[in-house]
1. Among B:Ala238, B:Ala233, B:Ala245, which is assigned to a helix (DSSP H, G or I), open to solvent by less than 20 Å² (accessible area, probe 1.4 Å) and among the aliphatic types (A, V, I, L, M)?
2. Return the residue satisfying two criteria in turn: it lies in segment B:221-263 and is in contact with a strand residue (DSSP E or B) (Cβ under 6 Å, 6 or more places away or on another chain) and of a type outside the set (Val, Ile, Thr), and of such residues it is nearest to the other protein chains (Cβ to nearest Cβ).
3. I'd like to verify a number: residues in segment A:53-75 that are part of a loop (DSSP other than H, G, I, E, B), open to solvent by 20 Å² or more (accessible area, probe 1.4 Å) and hydrophobic (A, V, I, L, M, F, W, C), how many?
4. Please give the number of the condition B:Ala203 fails out of (1) away from every other protein chain (no Cβ under 12 Å); (2) open to solvent by 10 Å² or more (accessible area, probe 1.4 Å); (3) not in a loop (DSSP other than H, G, I, E, B).
5. With respect to B:Glu189, is the statement that it is away from chain A (no Cβ under 14 Å) and within 16 Å of the ligand (Cβ to nearest atom) true?
6. Given B:Gly193, B:Gly176, which one is under 12 Å from B:Met150 (Cα atoms), open to solvent by less than 30 Å² (accessible area, probe 1.4 Å) and touching a strand residue (DSSP E or B) at 6+ places or on another chain (Cβ under 7 Å)?
7. Suppose we filter B:Ser225, B:Ser167, B:Ser216 for residues that are outside any strand (DSSP E or B), within 15 Å of the ligand (Cβ to nearest atom), under 18 Å from B:Trp136 (Cα atoms) and open to solvent by less than 30 Å² (accessible area, probe 1.4 Å); which single one remains?
8. Report, by residue number, each residue of segment A:77-91 that is under 16 Å from A:Gly262 (Cβ atoms) and assigned to a loop (DSSP other than H, G, I, E, B).
Amino acid sequence: MTARLAAPRVDRRDFLKATAVAAGVATLGRAGEGAAAAATVGSSELVDTNVYLSRWPLSRLPHDDTAALAAKLRSAGVTQAWAGSFDGLLHRDLASVNARLAEECRRHGAGLLVPFGSINPQLPDWEEDLRRCAEGERMPGIRLHPNYHGYTLDHPAVARLLRLAAERGLLVQLVLVMEDERMMHPMLRAAPTDPKPLAGLVRQTPGLRLMLLNAQRTLRGPALTSILGAGEVGVDLAMLEGVGGVAALLAGGVPLERVLFGSFAPMFYFESAVLKLQESVLSEPQLAAIRGRNARRLLAAGR
Amino acid sequence: MNFEIWDAHTHLSGVPGATPEARMAALLAAADRLGISRLCVFMGMTWHYDPTPELLRQANDEVLRAVRAFPDRVFGFVYLNPKHPQASLDELNRCVRDGPMVGVKLWVALRCDDARLDPLVARATELQAPILQHCWLKITGNLPGESTPMDLAALAKRHPRASFICSHTGGEWARGIRAIRPHPHILAEICGGDPTAGITEMAVRELGAERVLFGSDAGGRSFASQLAKVLGAEIPAAARQLILAGNLQRLLRPFLQARGVRP
Ligand SMILES: [Zn+2]
């Protein structure tokens, strides 16, 4: 056990003990490796592809300042976290949002936080934002929120944006939804982005690397696998649900190499994603792929 | 073991298996992997918004089979439909008075401030059975018979001796918590929604930890996402233990004692 275990959660040891007792001694190693658990295995990598910095516009969240989030992620054993900015949802001055994001990542999370800038293809001269993300801040990718920026994926600007991102070697993270449609603020209802045009867009954009974040609430089964099969497309776990959901996802035909760990922290409790790896029966190679290898490969492909 | 986890809310749907016993086994296998030792279960393998008396009996029979297959680990709640008061009273007597079920589940047949609930609540109170009412506040629109936390508050006001569980904490929990706050005999059960950070902290702050219950809503949800709401919350360890098991143990004490189960 590493010192990281001592982190704020005082009853972590008890939880692990309870888990071990319930799961049987034989699986103690697995329980430790799998999950809550990220914390117990010092050397194992854990790449969180879905975190946000700054403030969610509608409430304060635990860990919604960068230093606190970075500490939380480190204590949970995260070795790298791909960070967007909540400011990217509603702010119009995205150039400053992205510059701040990069600066925050450097100041509080050097080696841990990797900035993914926001691009809004509805804004005049958005191509300059893209150029600054790639050339100025040297970001490895961008994050898109079509349902907060008021466009659908069949808009011509989307095809152009994906093409330019691919040409610059930027990984594109497309966020389908930020919260449950049923409980949105009455003044801020943003219906989930319709992913239907995606398979076609992926096929017509050579070199595109795409990740779907918060996708699994609205995109499942054949609709999901057809998009994943159209090209270099991955999906995160943040909104995956169901008993033994990760194993069921793989059994349902989603290729292992397309599944990436993503917590959606600090909006979601970080532990949700990590416990999903424990709830499913997964082999060590499967765990290693989801925890980091797939993310590392996807990121490296752009370099 | 000094750290137990009891789940106040699971179902026989959304998990593989052709029989109630097989589905219960699947739920327990996943629960085991997260250290969850006991599960409350209700409603059958197929769900009905507005079940007839026959469908109620069928659903409860399936739950009885699941409970009898795993008597040391599973508690049943009897599913009732207040639109059929006599059939519901009969089911309550059959499944709780005559055993082995321990509570009442009400879903979306009828909004729970309706007077037709009163005889059911009175009988459940005599039997010391807690009443778990599905509550949700949907900006997209509730079902016609779907209760809000405000409806439950109205019902609870008429029944000060009953014991209520506001399931899902009303879905939109920041309003749900406020709606039930004045009524100490309503507990907030935090399952069923996304693991949005802050729900458990707010519930503990506004209601006190002794009024907050862990539940998962598995198989509709994962055990993981729901357990994260408690394990990930910034709350004292003592509060965590109350939420994960202590409060449910207190609520079910009459039944546990009758069955010789030591909480
Ligand atoms: Zn439920």
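The values are calculated or read from the model by the stated rules, or taken from the named source; none is laboratory data. Predicted, not measured: the structure shown is a model, and the values here were computed from it. No Cβ is skipped: glycine too gets one built from the backbone with ideal geometry, and neighbour counts run over all protein chains shown. The area values use the complete protein model at the heavy-atom level, side chains included, leaving out ligands, DNA and RNA. Shrake-Rupley method; radii C 1.70, N 1.55, O 1.52, S 1.80 Å.
1. Step by step, each of B:Ala238, B:Ala233, B:Ala245 is checked, and only B:Ala245 is assigned to a helix (DSSP H, G or I), open to solvent by less than 20 Å² (accessible area, probe 1.4 Å) and among the aliphatic types (A, V, I, L, M).
2. Ranking the candidates gives B:Ala245 first.
3. The total comes to 1.
4. Tallying (1) away from every other protein chain (no Cβ under 12 Å); (2) open to solvent by 10 Å² or more (accessible area, probe 1.4 Å); (3) not in a loop (DSSP other than H, G, I, E, B), B:Ala203 fails exactly one: (2).
5. yes
6. Just a single option satisfies the conditions, and that option is B:Gly176.
7. None of the others qualify; the one that does is B:Ser216.
8. A:Gly77, A:Val78, A:Thr79, A:Phe86
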